[in-house]
1. Does residue 199 fit the bill of being over 25 Å from residue 272 (Cβ atoms), among the basic types (Lys, Arg) and in contact with a strand residue (DSSP E or B) (Cβ under 9 Å, 6 or more places away or on another chain)?
2. Looking only at the range 261-276, which residues are assigned to a strand (DSSP E or B) and touching an Asp or Glu at 6+ places or on another chain (Cβ under 8 Å)?
3. For the range 298-331, what are the residues that are in a helix (DSSP H, G or I), under 27 Å from the mean Cα position of the chain (by Cα) and basic (Lys, Arg)?
4. I'd like the full set of residues that are assigned to a loop (DSSP other than H, G, I, E, B) and either over 15 Å from residue 117 (Cβ atoms) or in contact with a strand residue (DSSP E or B) (Cβ under 7 Å, 6 or more places away or on another chain) (or both), limited to the range 238-250.
5. With among the acidic types (Asp, Glu), closer than 29 Å to residue 120 by Cβ and in a helix (DSSP H, G or I) as the only criterion, which of 334, 285, 258, 253 stands out?
6. Conditions: (1) assigned to a helix (DSSP H, G or I); (2) under 28 Å from the mean Cα position of the chain (by Cα); (3) not aromatic (Phe, Trp, Tyr). Residue 235 meets all but one. Number of the miss?
7. Tell me which helices (runs of 4 or more DSSP H) are completely within the range 41-123 and hold 3 or more residues being in contact with a helix residue (DSSP H, G or I) (Cβ under 6 Å, 6 or more places away or on another chain), touching a residue at least 12 places away in the same chain (Cβ under 8 Å) and farther than 16 Å from residue 19 by Cα, or say none if there are none.
Amino acid sequence: MSKRKNDKLERQEKNILIDFIPAALKNTKSEGYLIEYHYRDKVLNKLVRKRFYLNRLINSYTKKSDGLNHARRIVHELNEKLKNGWTPAFETEDQRLYTPILKLREIYLNDKKRDVREATMTSYSSITKMFNEWIEASNRTGKVTGNFLRFDAVCYMDYVLDKGCSNRTYNNTLKMMRALFSWAIEKCYCNENPFTNIKTKTKEAKKRIVVDEVSRKKIAEYFKIKNMQMLLVCKLVYNSAMRPKEIANLKIEDIRLERRYIIVRDTNAKNGKSRCATITADVIEYLQQFMCYPGRFYLFGMNKDLLPSDKRCALAAFRKKWDKMRTFLDLPQEMQLYSLRDTGMIDLLHAGVDELSVQHHFDHSDLSIQAIYTNHFDPNLNETIFRNAPKF
């Protein structure tokens, strides 16, 4: 190729708006008739020359002019396809590498929804939505899956970190992105996982403390006046070892008062396994008034007082009411709603309930997991040791 043509091609490659150079019919002394065009390889992100020869086609016609007319029709049809975004890659086994990066999320979620629980899908959807928002904000909408590189992945994780997330959130996001692109490799949308060599952050200790008895009494008195349903939430977390998310999805039909337990369905449980959560006498007494509601109603509905309704309350409603109470009572920031669950576990162990029973009650896979949740600061520990320590 001449230097002049090379310079022209280089100038056009620098212009990211040019995705192809139109096809043209040529007649060369050495090679005869051929069609030549250039298309942008979106994986390599450069213009690539493509040519094919027509000597046999043209010579098959009795009149050479008829053969040339056929060749011109091919050129016209080829240019129409190029204008509409077609490339030769669409006719090869590498076709999926040219999928727009913004489409990957939709394809992934559609594939996964057949295999995972609704709660898991919500998490997948949320994290990948943030990824797509970054793609648009960072002007990477022209990227294709096969050309999403490690540099792009590093830039995205820097963006996640800059949003002020915790190390735990950062690691969960990284885990999700690795899973997304591992799936993409399996389905031939890319050849390498750009997130593989990005390191996770150091795990942070859970920022929760034990809710001592005095604080629990203050909390109970507050919610007795402000919202009895929220007091019930606290008791289900503390006594029944239910997670706030499980409570938000609890329906009237899941309550078994005569057997003194609540069914936590596998679709709502954190580990995907159904179980029975024990309920205490005062909780049973309070729940009696709600058994007249239709079984399909949620125990905590979408309304100001969290009363039963056919629409469940948002999980954030628990957190907002808890945070408002904590501010009013001037309790420590680390004292979270979930802290009641850890406190209930520690109190059961202190009450002499064996570790295996506590493990099953709190739905832990093994005792090592339980140890993580019982390792909290106890403000009464010094006093307990002072009173009960033996003499030397």
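The values are calculated or read from the model by the stated rules, or taken from the named source; none is laboratory data. If you're wondering where the values come from, they're calculated on a predicted model, not measured in any experiment. Counting neighbours? That spans all protein chains shown, and the Cβs are built from the backbone with ideal geometry, glycine included.
1. On the way: over 25 Å from residue 272 (Cβ atoms): yes; among the basic types (Lys, Arg): yes; in contact with a strand residue (DSSP E or B) (Cβ under 9 Å, 6 or more places away or on another chain): no.
Spelling it out, it is not the case that residue 199 is over 25 Å from residue 272 (Cβ atoms), among the basic types (Lys, Arg) and in contact with a strand residue (DSSP E or B) (Cβ under 9 Å, 6 or more places away or on another chain).
2. Passing the criteria: 262, 263, 264, 275.
3. Step one: list which residues in the range 298-331 are in a helix (DSSP H, G or I), which gives 315-329.
Next, from what is left, pick out any that are under 27 Å from the mean Cα position of the chain (by Cα): 315-323.
Hits for the range 298-331 are 319, 320, 321.
4. Listed by number, the residues that qualify are 239, 240, 241, 242, 249, 250.
5. Working: 334 fails: in a helix (DSSP H, G or I); 285 fails: closer than 29 Å to residue 120 by Cβ; 258 fails: closer than 29 Å to residue 120 by Cβ.
After applying the criteria, what remains is 253.
6. (2)
7. 101-112
For (1) modelled with pLDDT of 95 or more; (2) closer than 26 Å to residue 315 by Cα, each residue gets a yes or a no:
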| site | (1), (2) |
| --- | --- |
| 136 | no, no |
| 147 | no, no |
| 156 | yes, no |
| 203 | no, yes |
| 206 | no, yes |
